[in-house]
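Heads up, the thing below is written out as structure tokens.
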Amino acid sequence: MPPTRGLTDRIRHGVRAWLMSDAPPEQFLRGVTGVSAEAGSGVHVTDQAALGVATVLSCVKVLAESISTLPLQVFERLPNGDKRPAPQHPVNELLHTLANEETTAQSLRETSCAHVLLRGDSYVRVARDGAGVVRELWPMNSAAVRPYRGKDGRLRFEYSPNGDAPEHLLASQVWRVSGLSWNGVTGLSPIGFARESVGLAIALEQNTGSALRNGSRISGVVSYQETLDDAEYKAREAAWRENLSGAQNAGKVFLADAGAKFEKVGMTLEDMEFLELKRFQVAEIARLFRVPLHMLYDQAAQPRANMEQASLEFVTYTLRPWLVRYEQTISRDLFSREDRSRYFAEHNVAGLLRGDFAARMAGYAQGRQWGWLSVNDVLRLENLNGIGPQGDVYLQPSNMAPAGSAGPTGA
């Protein structure tokens, strides 16, 4: 295929997707060419270039790894409002163990998270058998997917990962997760819309690398009142290197001779402002992904409260919106209409909210004494096996009675 044909097809499909999504022109340009509009710092911000910034990469890893390693399981709703695990459901294994014969469930979910965090959309191909049951899930390159509406008004997708003739997929063949959106169909790229902040971070990294490559840094200057000839210069330089340079000579006293004067070259005001700007960009990018600074190993940032409270805030304000997105799109794209009323997928965040040993034991004791935890319940929360049917017995305080009764039971 001529090299221009692939680009022509991508532009044609990109225009169609852009018109449908009401996205700004720079998002269309990024989707077709892989390059966003130039940032004010003078750099072009792409997904790959953004990942070259340590803060962006760390934020994506913190979120993608946290979400993809959380237990995700299919449950069945019971008539009394309770729920029970449904390991027999075909979708459960795909989300919990293996997405297909080549990809683990964790790897698929991690890739999906990375796509939606960087590009605003994640697409996973859904392979079904003749009865319509989901059998495999395959990650798709979100940059090669173009959503559009057919003549019947239904959502469809053009997929062309290698620039070949696009393949047309029905909505039932795609598991789609979108971030913040203007139309509820296509998500907005965080990197594309925050390109000024990310572009400045890229420019700062490039500036630092250029300074180290092309510039030099000296620790001090030794000056003499008289002019030294070549032999004297070399002799004094050798003496300085032998007696004062290197770790083994650190802390030695400087003895000036022949009117020598030593002036230390410290950090300039410009250097300090440069470092402050880099620190600010770390916080700015962390703000973009809503990742706490202490989770990026910023030594100056400490949680306002204890670590348990900090973990609760991370789960509530950072992870929970993404977890709800995934759970609801699973119901929409992976369950049949009949299954949605009976089954649902849910993440288990209990491991992230666990307190220290003493706090957990105190909570278990209260639950056991007040009758809403059994021995087996406690053991399962600690990831331990139960002790059999006798562990399912619930206790009841002897001095308590149902509301409206004359007194404690048996009194």
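Please work out which one of (1) within 29 Å of residue 97 (Cα to Cα); (2) modelled with pLDDT under 95 is the condition residue 164 fails and give its number.
So residue 164 meets the others, but not (1).
Within the range 159-178, which residues are of a type in the set (S, T, N, Q) and without any contact (Cβ under 8 Å) to a residue 40 or more places away in the chain? Write out each step before concluding.
So the first thing to find is which residues in the range 159-178 are of a type in the set (S, T, N, Q), and the list is 160, 162, 172-173, 178.
Within the range 159-178, just 162 meets the criteria.
Going by what's in this entry, would residue 333 be described as modelled with pLDDT of 90 or more and on the phi < 0 side of the Ramachandran plot? Reasoning before the result, please.
Details: modelled with pLDDT of 90 or more: yes; on the phi < 0 side of the Ramachandran plot: yes.
Yes: the conditions hold for residue 333.
Hey, residue 362 hits all of (1) part of a helix (DSSP H, G or I); (2) open to solvent by less than 80 Å² (accessible area, probe 1.4 Å); (3) touching a Leu at 6+ places or on another chain (Cβ under 9 Å) but one; which does it fall short on?
Tallying (1) part of a helix (DSSP H, G or I); (2) open to solvent by less than 80 Å² (accessible area, probe 1.4 Å); (3) touching a Leu at 6+ places or on another chain (Cβ under 9 Å), residue 362 fails exactly one: (3).
For residue 322, indicate whether it is surrounded by 14 or more Cβ atoms within 10 Å (Cβ to Cβ) and at negative phi.
Numbers: surrounded by 14 or more Cβ atoms within 10 Å (Cβ to Cβ): yes; at negative phi: yes.
Judged against the criteria, residue 322 is a match.
Under 9 Å between Cβ atoms, at least 6 apart or on separate chains: pull out the pairs that start in the range 50-74 with a residue that is more than 16 Å from residue 292 (Cβ to Cβ) and in contact (Cβ under 8 Å) with a residue 40 or more places away in the chain and end on any residue that is surrounded by fewer than 21 Cβ atoms within 10 Å (Cβ to Cβ) and of a type in the set (Phe, Trp, Tyr).
74/335; 74/344
Among 70, 95, which is the only one that is within 21 Å of residue 331 (Cα to Cα), out of contact with any helix residue (DSSP H, G or I) (no Cβ under 6 Å at 6 or more places or on another chain) and either part of a helix (DSSP H, G or I) or open to solvent by less than 60 Å² (accessible area, probe 1.4 Å) (or both)?
Working: 95 fails: out of contact with any helix residue (DSSP H, G or I) (no Cβ under 6 Å at 6 or more places or on another chain).
From the options 70, 95, the qualifying one is 70.
Tell me, please, whether a residue that is over 26 Å from residue 322 (Cβ atoms) and touching a residue at least 60 places away in the same chain (Cβ under 8 Å) can be found in the range 150-158.
Yes, the range 150-158 contains at least one residue that is over 26 Å from residue 322 (Cβ atoms) and touching a residue at least 60 places away in the same chain (Cβ under 8 Å).
Among the numbered criteria (1) open to solvent by 30 Å² or more (accessible area, probe 1.4 Å); (2) not in a helix (DSSP H, G or I), which one does residue 327 miss?
(2)
Working only within the range 369-385, note down all residues that are farther than 24 Å from residue 309 by Cβ, modelled with pLDDT of 90 or more and more than 33 Å from the chain's Cα centre (by Cα).
Hits for the range 369-385 are 374, 375, 376.
Hey, can you tell me all the residues within the range 47-67 that are out of contact with any Phe, Trp or Tyr (no Cβ under 9 Å at 6 or more places or on another chain), part of a helix (DSSP H, G or I) and open to solvent by 30 Å² or more (accessible area, probe 1.4 Å)?
Hits for the range 47-67 are 48, 49, 51, 54, 57, 61, 65.
So how many residues does the range 119-164 have that are touching an Asp or Glu at 6+ places or on another chain (Cβ under 6 Å) and part of a strand (DSSP E or B)?
Within the range 119-164, residues that are touching an Asp or Glu at 6+ places or on another chain (Cβ under 6 Å) and part of a strand (DSSP E or B) number 4.
Based on this model, can you work out whether residue 116 counts as more than 18 Å from residue 178 (Cα to Cα) and in a helix (DSSP H, G or I)? Write out each step before concluding.
On the way: more than 18 Å from residue 178 (Cα to Cα): no; in a helix (DSSP H, G or I): yes.
When the stated conditions are applied, residue 116 does not pass them.
Filter the range 330-359 down to the residues that are touching a strand residue (DSSP E or B) at 6+ places or on another chain (Cβ under 9 Å), open to solvent by 80 Å² or more (accessible area, probe 1.4 Å) and either charged (D, E, K, R) or part of a helix (DSSP H, G or I) (or both) and list them by number.
Matches in the range 330-359: 332, 342.
The values are calculated or read from the model by the stated rules, or taken from the named source; none is laboratory data. Keep in mind that this is a model prediction, so the values were computed, not measured. Neighbour counts run over all protein chains shown; Cβ positions are idealised from the backbone, glycine included. When the accessible area is computed, the model is the full protein with side chains, heavy atoms only, and any ligands, DNA or RNA have been set aside. Shrake-Rupley method; radii C 1.70, N 1.55, O 1.52, S 1.80 Å.
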